[in-house]
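Input: a single structure, listed below in C-alpha cells.
Since every read-out is calculated from the coordinates, none of them should be taken as a lab result. What you are looking at is a predicted structure, and each value in this text was computed from that prediction instead of being measured. Here the Cβ positions follow ideal geometry from the backbone for every residue, glycine too, while neighbour counts run over all protein chains shown.
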Amino acid sequence: MAARRRRTGIPPPSLKRRGATRLPRGTIVVFCEGKITEARYLKEFVSDCRNQLVTVEVVGGVGVPMTIVERAITEFRALKRAARRGPPTALTAYFSMGSFRFR
C-alpha cells in the first residue's frame, strides 16, 4: 500500500493533532462574599472539573449576601447593555450560611 502511494503522488496522512474545534457554550459568573476562601473553593472546583466548553468567572470579595445579589443584578444589566460577548449563561450568588443570622 505504501509503495502505491509513492507512485501515485498521494501524500501520506498527517499525524499531527488538530487544534480545538469546539467553541465555549457559555459563561457562568459567580459572585462570592470572601476574597480568599470562597473564591479559592470555586477556582479549585473549576480546575478539577476541566470542562472546556464552559467558562467560569469568579468575582470575590463582594460583601454581605444582600450586596452580592445587588452586585449580580448590576453586573447582569451592564453585560446585557454592552452585549459585546452576549449575556452570560448564568449569574450565581455564592455565600456561606454561617455568615449571617436568620430572623
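Taking the simple approach of a point 7 Å from Cα along Cα-to-Cβ for both T89 and R25, what is their distance in nm?
My value for the distance between the label points is 0.5 nm.
Using r as the Cβ-Cβ distance of K80 and R18, and R0 as 25 Å, what FRET efficiency do you calculate, to the nearest 0.05?
Approximately 0.10, to the nearest 0.05.
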